[in-house]
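Scroll down for the structure; my scribbles are underneath it.
The values are calculated or read from the model by the stated rules, or taken from the named source; none is laboratory data. As the structure is a computational prediction, the values presented were derived from the model and not from experiment. As a convention, Cβ positions derive from the backbone with ideal geometry for all residues, glycine included, and neighbour counts pool all protein chains shown. The protein model used for the area step is the full one, side chains on, heavy atoms only, and it has no ligands, DNA or RNA in it. Shrake-Rupley method; radii C 1.70, N 1.55, O 1.52, S 1.80 Å.
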Amino acid sequence: MLRQIRSKIQNKLILTFTLFCVVIFSVVGFLNYWYTESGLDEELGKKLLAVAQAAHLQVNSELVSKLRRGDENSRTYRNFRKKLADLRDATDVERIYICNSKGESLLDTDEGVRITYAYPFLKFNQFEFDRALKGLTAHSILFETYDGKLYKTAFVPLFYKGEVIAVVGVQGSATFLYLIKRIQWFLFSVGAIGVLISILLSVYISRSMSTPINHLVEAAEKIGAGKLETPIKLETRDEIGFLGRTMEKMRSNILKRDQDIKTMVAGVAHELRNPLGGVELFAHLLNKEIPEDDSRKKYAGKIIGELDVMKKIITDFLDFARPRTPQPELCDLKKLVDETLQLLGAEIESKSIIFKTRFDVNEIFADAGHIRQVLLNLIENAIQSVDHHGEILLTSVAESKRVCIVLADNGSGIDVEHRDKIFEPF
């Protein structure tokens, strides 16, 4: 049982701490990669748009729109192509081209591309290309070619007399993103190392926490089994140490209570039960001997009745040794006090005691039998404490969600040396 508890605690701590670290490393790594990639992707798009705008300024829109198939060797074509090639080399982009609204080439920095060549890759950037035809700038998302390289293209409209006559396309290679992938693998490696370290730390922390908890579990099992001789010793100053000290106090109190119960039960059994049985036997014999019309018959009955009361008291003492679970219910406090006074009426009258009551709250939620016994003990002690013509006052007041019952008298009180022992039996 103890091993199962120890294993469960350690496993939960290790699993919780490890999952926490895995989640933290994963979220931080993902966000870091995503923000870095998104930021660099956006910067590349802005760079390509700027290059496309510069390309727009390097060419004459009217002359470009008049280029036809076979003009590849013309002076105008070669001049424009050289300007775009110089811009390409200066800005370190992959390719600059100009195409008409049908997606057919008018000018391209790549050799071998002839005028009216239809660019097949434009269908993958149709949305951005259409935006450029509407007079807006746009750049595509990253796409990977068949050779495994990442590319991005920016589109800028080419205007002539306020109308879009062509589109400038600038294609750039996202080589920097390969560095990001290396960073991703680096983050993954760091995360794996971090998780491994977190597992080792969680094992250490779980053991440092589970060891004192195991001591408490062992102590609780011993207390549950009635083995109260072994003290609970925990040196830690944290909450577990506080719990250990509390359990030690509980163990001491239970041990002391058991000793008190044994003392009380032995005292009741030897000092009262045996002689009381003899008195009860003779009382019943006497009751049988007395004729029904004899006036002494009622005195014998009174003796038997008082013996029943004493037997009830002894039973209550035994209930103290085997505490009865309280059965709370709504009770009439005044009625409970009156029933108690009926039992003690003779003693009150013999000392001419003035007994007063003041009930600010009368209805209480409690075990009637327990409250009646408490009242009986307290009032009897008060009667014994006061002199003739003494005064006893019983009041009940509401305190928050509780009812406080106060019994006060003008008697001699309890000696100082006995006040710490008022809850000890006898």
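Using every Cα-Cα pair within the stretch 290-426, state what percent have a distance larger than 25 Å. When all Cα pairs of the stretch 290-426 are counted, 41 percent exceed 25 Å.
By the compact-protein rule of thumb, 2.2 N^0.38 Å, the alpha-carbon radius of gyration of the stretch 35-163 corresponds to a ratio of 1.04.
The label-point distance for residue 325 and residue 304, in a model that sets each label 7 Å from Cα toward Cβ, rounds to 3.7 nm.
Could you order peptides 91-98, 213-220, 381-388 by the average number of other Cβ atoms within 10 Å of their residues, highest first? Walk me through the intermediate numbers first.
Working: 91-98: 20.1, 213-220: 16.8, 381-388: 15.0.
Top of the packing list down: 91-98, 213-220, 381-388.
Within the full protein context, the accessible area of residue 294 is estimated at about 40 Å² for a probe radius of 1.4 Å. For the pair residue 134 and residue 393, label points projected 7 Å from Cα toward Cβ lie 9.2 nm apart.
Pairs to check: 102/161; 102/134; 312/335; 46/161; 302/356; 123/161. Give those whose C-alpha atoms are more than 22 Å from each other in this structure. The partial results should precede the final answer.
Working: 102/161 19 Å; 102/134 13 Å; 312/335 20 Å; 46/161 26 Å; 302/356 29 Å; 123/161 28 Å.
Over 22 Å apart, Cα to Cα: 46/161; 302/356; 123/161.
Counting only protein heavy atoms and using a 1.4 Å probe, the accessible area of residue 222 comes to about 90 Å². For the stretch 289-426, the solvent-accessible area with a 1.4 angstrom probe is 71 square angstrom per residue.
Give me the percent of the accessible area of the stretch 287-388 that comes from carbon and sulfur atoms, probe 1.4 Å, all protein chains in place.
Details: 3720 of 6840 Å².
Whole-percent figure for carbon plus sulfur exposure: 54.
Taking only the C-alpha atoms of the stretch 42-81, Rg followed by Dmax gives 13.0, 38 Å. What does the accessible area of residue 245 come to, in Å² to the nearest 10, when a probe of 1.4 Å is used? Taking all protein chains as shown, residue 245 has close to 120 Å².
Straight Cα distances below 15 angstrom link residue 401 to the aspartates and glutamates 360, 363, with same-chain residues fewer than 8 positions distant left out.
With the charge dipole of the stretch 318-426 set up from +1 on Lys and Arg Cβ and -1 on Asp and Glu Cβ about the Cα centre, the Cα lying farthest toward the positive end among the listed residues 411, 389, 373 is that of 373.
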